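The values are calculated or read from the model by the stated rules, or taken from the named source; none is laboratory data. A quick note: this is a predicted structure, and the numbers were derived from the prediction, not measured. Don't worry about glycine lacking a Cβ; one is built from the backbone with ideal geometry, like all the others, and counts go over all protein chains shown. These area figures cover heavy atoms from the full protein model, side chains too; ligands, DNA and RNA do not enter into them. Shrake-Rupley method; radii C 1.70, N 1.55, O 1.52, S 1.80 Å.
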Amino acid sequence: MAGATIANMHNQRREVTEGGRTVYYEPDRVIIRDPSGQQYVRGNDLYRFRYGARDIQTQTVGGETRTVVVRPDGSQIVTVVGSDGRLLRRIRRDDRGREIIIIDNSYRDPQAVGGFYVDLPPPVVNMPYDRYIVAADEAPPEVIYETLRAPPVQRINRRYSLDEIRYSPNVRMQMPSIDVNSINFATGSWEIPPDQAAKLQVIADGLNRAIQENPRAVFLIEGHTDKVGSDVDNLSLSDRRAESAATLLTQQFNVPAENLTSQGYGEQYPKEQVDGPSAINRRVTIRNITPLLNGGQASLPPPPAGTAPPR
């Protein structure tokens, strides 16, 4: 990953204006700035699944692109993407053809309005702060695991799409999180130094244990930056940091790639209110978003035998 710095992306970035929005195209992601000033980055999880694949098949039908990654054990990960590059569905199919829908991002709740921003009040948190936002370098392994499978801090009233969760902070904040503040990214870099990779072991152990219990669990890995550099650079950089952590968790610790998704938030959510360099703000955060995707049903007892899971 030599040259894993945001400065090296500048000559590969293309800026265009589309329908009043400014869109920045990079080889592997898109950054969009709306006229209102809101901006976000959209990456592509697909390449993380290619690691160790036995075969990869891609087919486009009716504007949808279906990519099937065949693993050495015969299982398959099916990813369906819309014509705009947005993830629609992710399915795991075992070697006997049985399917588990991990993400159904085509779902739109009747309460949803246009766009993907959901205007909710901040959640009411009735738990100790250090159990709501857990510092990975201070928490024992059991607390890490318990946080990765903890229920929402308040009742979830409906299912949310993955995009609504990605782009609505007060939706995400209904779930406890873990700040992986033990990895120190260099300014402008998304590379995880080899001597720091081992710090993800306890996170990986908790994730693998939680996924073994619930194969449909989905964990969002969020990337954050300090306030050095431009907004556009920081969105791209944070998204790459989140992806680096997700990639490492899979390649080094065997966390199933399909149970992870990543998103960068740039400098929007600092832990430390400073305008300059801040190692605390250059971090990744992990939270379980399964209850948000399925309307809180993850925290209920399993359905009776023969009952189909929520789709």
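Ranked by solvent-accessible area (1.4 Å probe, protein heavy atoms only, all chains present), the residues ILE133, ILE289 order from largest to smallest as ILE133, ILE289. Region 202-221 and region 26-59 have their alpha-carbon centroids 22 Å apart.
The charge dipole of region 1-124, taken about its Cα centre with unit charges on the Cβ atoms of Lys, Arg (+1), Asp and Glu (-1) only, comes to about 280 debye. Charged neighbours of ILE289, selected by a Cβ distance under 11 Å, balance to +1 (K, R count +1; D, E count -1).
When you restrict to C-alpha pairs under 8 Å that are six or more residues apart and normalise by the size of region 45-86, the relative contact order lands at 33 percent.
Phi-derived couplings, Karplus 6.51 cos²θ - 1.76 cosθ + 1.60 at θ = phi - 60°, listed residue by residue for region 86-92: 7, 4, 9, 8, 10, 10, 9 Hz, with x used for Gly and Pro.
Computed about its Cα centre, the charge dipole of region 102-206 is approximately 480 debye, with only Lys, Arg, Asp and Glu carrying charge at their Cβ. With point charges of +1 on the Cβ of Lys and Arg and -1 on the Cβ of Asp and Glu, referenced to the Cα centre of region 152-311, which listed residue (GLY206, LEU237, ALA186) lies farthest in the positive direction of the dipole? Farthest towards the positive end: GLY206.
Taking a ≥ b ≥ c as the square roots of the eigenvalues of the Cα gyration tensor, region 152-250 is classed as oblate, since a/c reaches at least 1.5 and a/b does not exceed b/c.
In region 1-103, taking the dipole from charged Cβ atoms about the Cα centre, the farthest positive-side position among ILE101, MET9, TYR25 is held by ILE101. Across every pair of non-identical alpha carbons in region 85-156, the mean reciprocal distance, once inverted, gives a Kirkwood radius of 16.2 Å. Ellipsoid semi-axes for the chain, based on the Cα gyration tensor and the rule √(5λ), read 27, 24, 22 Å when sorted largest first. With contacts taken as Cα pairs under 8 Å and at least 6 residues apart, the chain reaches a relative contact order of 17 percent. Counting only the Cα atoms, region 1-136 fills a convex hull of 239 Å³ per residue. How many percent of the alpha carbon pairs in region 20-59 exceed a separation of 14 Å? Taking all Cα-Cα pairs of region 20-59, the fraction more than 14 Å apart is 59 percent. For region 52-109, the fraction of alpha-carbon pairs lying more than 18 Å apart is 35 percent, rounded to a whole number. Simple point charges give the picture: +1 on the Cβ of Lys and Arg, -1 on the Cβ of Asp and Glu, and for the chain a dipole about the Cα centre of about 860 debye. Between VAL124, VAL68, VAL81, the Gaussian network model of the chain with springs among Cα atoms under 10 angstrom shows the greatest mean-square fluctuation at VAL124.
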